[in-house]
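Okay, so here's the structure we're looking at.
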Amino acid sequence: MEIVSGHGARHCVCAKRKRAAALIAKIPERFANVRLETLVADPKRHLKQCEAIDAIRANPSGNFILAGRFGTGKTMMMWALYRAAVERMESTVIHATLFEIIEEFRRQIRASQNPDESAYSPRLEAVDLKRGYKYSLFLDDIDKARPSEYAAEQFFAILNAVYEHGHQLVVSTNLPIVKLRDHFDRADERYGGGIVRRLLDGAQTIELF
Ligand SMILES: Nc1ncnc2c1ncn2[C@@H]1O[C@H](COP(=O)(O)OP(=O)(O)O)[C@@H](O)[C@H]1O
Ligand SMILES: [Mg+2]
């Protein structure tokens, strides 16, 4: 920690660098060398990949919906944006699949119902997004979580907080946007439209089908 005159204490630069190094170490080996600055498009993966890479490079702190077929480079582009966010050291950076996020909520409920288990806090809760600190969230494969009513409700709460507090959000999906709405509507028709509207709001959609 360091003392800032008139402002109290804050994390010093070396603590920030240490945290950044730990976040970089989480990048899977396959994507460990992926960098926004050096990414070279492979038109064999998708003819529009070049355009997609230009778009993320032009706005590395922007919100993106990366939608497209398997193997078109969505996860790769997400890790490139993740690394850029970590290196900016301006926000709390979280990368997860939506499945993992929802599993953590389920675990929290299980722990609260079992007196033998100690309390468990998910990495990402809507309430954390309302405290004034900036977040950069990277949620891969948002259509892979089982769309239960509970999952849709939690996801909507997170998206709402992202929208209201201006956090960075990058998501990927194998579904076209219209199908994404149906996907979350299946869980609970109150959420499908809301989730998609919140996702689209202020985000650039990149479609690689
Ligand atoms: N432009 C590129 N240069 C090098 N490798 C690429 C490129 N685009 C995609 N790949 C590789 O193709 C594979 C599939 O990419 P991935 O991002 O996992 O696709 P998706 O998430 O769209 O299914 C990965 O091994 C990724 O590293
Ligand atoms: Mg992927």
Checklist entry - Restricting the range 31-83 to residues that are of a type in the set (Lys, Arg) and free of Cβ contacts under 8 Å to residues at least 24 places away in the same chain, which is farthest from ligand 2 (Cβ to nearest atom)? => result 57
Next on the checklist: Being hydrophobic (A, V, I, L, M, F, W, C) and over 20 Å from residue 68 (Cα atoms) is the filter here; which residues of the range 175-194 pass it?
Outcome noted: 187
Item to check | Qualifying positions in the range 131-171 - modelled with pLDDT under 95, buried (at least 21 other Cβ atoms within 10 Å of the Cβ) and not in a helix (DSSP H, G or I) | outcome: 142, 145, 147
Item to check | Given (1) within 16 Å of ligand 2 (Cβ to nearest atom); (2) loosely packed, with under 14 Cβ neighbours inside 10 Å; (3) farther than 22 Å from residue 36 by Cβ, index of the condition residue 119 fails | outcome: (1)
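The values are calculated or read from the model by the stated rules, or taken from the named source; none is laboratory data. Since this is a predicted model, take the numbers as computed values, not measurements. Every residue, glycine as well, gets a Cβ built from its backbone with ideal geometry; the counts of neighbours run over all protein chains shown.
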